[in-house]
Amino acid sequence: MATPGTDGRVALVTGASGALGAAVARVLDHRGYRLALHYTSGEDRARKAAAELSGPSTLVRADVADWAATRDMVDRVRAELGGISVLAVNLIGTFHTCRAALPDMLRGRWGRIINVVSPAGLLGSRGQTAYSAAKAGVLGMTRSLALECGRFNVTVNALSPGLMATALTEELPAEVSATLVARTAFGRMGTPDEVARGIELLLDADYMTGQVLSIDGGMSIS
């Protein structure tokens, strides 16, 4: 059932072929949004994610590291579903997707941008200096956009997930997995659905912007 106030608004989820992207799509679908599910690879997984939804959705493929491809993708979403009100960006292509989708939100004077970031951007990561610096840059962009867009009733926040039980983490060596799990307060990995529930808070928080919501089982404070 649609959540009161969504009015069939359009949400674009990038990285929807991944476990977290698919979980975010389910949250938005439950709240009555019309969904555009982006993928770069993993078309079968993206189609599976779309098949789990009850409302209108469309699949869009694009290399979001390329500006022209991202702009064309957003144009297609706009033509098929309407202007974008919610943007959930999963790790890559943050600058291009925000640049392409933001005009719809400014015109409509309402929007939610949720950038999924890496804990490495907050805490640093040994052996990943360049990666950590890039992700810290996304946080800076998130905060700057928040200041620029607030007067249009557009909030811009970041969601920082911790260790999740996915196909990727199943490939970790047992000793590495055990070390990481030991850093959580709960002694276990989270699930994509647990992390995706943070999206609901960021959708409803009218007076919260430029913030990072960490859903990591306490790993960031250990």
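The values are calculated or read from the model by the stated rules, or taken from the named source; none is laboratory data. Computed from a prediction, not measured in an experiment: that's the story for all the values here. Positions of Cβ are backbone-derived with ideal geometry, glycine not excepted, and every protein chain shown enters the neighbour counts.
List every residue pair whose Cβ atoms sit under 9 Å apart, with the two residues 6 or more apart in sequence or on different chains, where the first one lies in the stretch 57-76 and is within 17 Å of Ala46 (Cα to Cα) and in contact (Cβ under 8 Å) with a residue 40 or more places away in the chain and the second, anywhere, is part of a loop (DSSP other than H, G, I, E, B) and β-branched (Val, Ile, Thr).
Val64/Thr14; Val64/Thr40; Val64/Ile92
Can you name the residue in the stretch 179-204 that is within 16 Å of the chain's Cα centre (by Cα) and hydrophobic (A, V, I, L, M, F, W, C) and is also surrounded by the most Cβ atoms within 10 Å (Cβ to Cβ) among such residues? First the steps, then the outcome.
Looking only at the stretch 179-204, we keep the residues that are within 16 Å of the chain's Cα centre (by Cα), and these are 191-204.
Add one more test, that the residue is hydrophobic (A, V, I, L, M, F, W, C), and what stays is 195-196, 199, 201-203.
Working: Val195: 23, Ala196: 25, Ile199: 28, Leu201: 13, Leu202: 21, Leu203: 22.
Among them, the one singled out is Ile199.
If a residue must be at negative phi and part of a loop (DSSP other than H, G, I, E, B), how many such residues does the stretch 84-109 contain?
Keep residues of the stretch 84-109 that are at negative phi, which gives 84-90, 92, 94-108.
With the extra rule that they be part of a loop (DSSP other than H, G, I, E, B), the set shrinks to 92.
Within the stretch 84-109, residues that are at negative phi and part of a loop (DSSP other than H, G, I, E, B) number 1.
State which residue is farthest from Asp216 (Cα to Cα) when the search covers only the stretch 67-125 and only residues that are surrounded by 17 or more Cβ atoms within 10 Å (Cβ to Cβ) and charged (D, E, K, R).
For the stretch 67-125, the residue satisfying everything is Arg78.
Looking only at residues in the stretch 136-172 that are crowded, with 20+ Cβ neighbours inside 10 Å and hydroxyl-bearing (Ser, Thr, Tyr), which one is nearest to Gly21 (Cα to Cα)?
Looking at the filtered set, the residue picked out is Ser160.
Would you pick out the residues in the stretch 11-30 that are touching an Asp or Glu at 6+ places or on another chain (Cβ under 8 Å) and either polar (S, T, N, Q) or at pLDDT below 95 (or both)?
Matches in the stretch 11-30: Ser17 only.
For the stretch 96-130, enumerate the residues that are within 14 Å of Ser160 (Cβ to Cβ) and either of a type in the set (Lys, Arg) or without any contact (Cβ under 8 Å) to a residue 12 or more places away in the chain (or both). Step through it out loud before you land on a result.
Of the residues in the stretch 96-130, the ones within 14 Å of Ser160 (Cβ to Cβ) are 114-125.
Gly124, Ser125 - these are the residues of the stretch 96-130 that are within 14 Å of Ser160 (Cβ to Cβ) and either of a type in the set (Lys, Arg) or without any contact (Cβ under 8 Å) to a residue 12 or more places away in the chain (or both).
Looking at this structure, is Ala133 free of Cβ contacts under 8 Å to residues at least 24 places away in the same chain, of a type in the set (A, V, I, L, M), over 29 Å from Leu180 (Cβ atoms) and surrounded by fewer than 14 Cβ atoms within 10 Å (Cβ to Cβ)? Walk me through how you get there before you give the answer.
Numbers: free of Cβ contacts under 8 Å to residues at least 24 places away in the same chain: yes; of a type in the set (A, V, I, L, M): yes; over 29 Å from Leu180 (Cβ atoms): no; surrounded by fewer than 14 Cβ atoms within 10 Å (Cβ to Cβ): yes.
Spelling it out, it is not the case that Ala133 is free of Cβ contacts under 8 Å to residues at least 24 places away in the same chain, of a type in the set (A, V, I, L, M), over 29 Å from Leu180 (Cβ atoms) and surrounded by fewer than 14 Cβ atoms within 10 Å (Cβ to Cβ).
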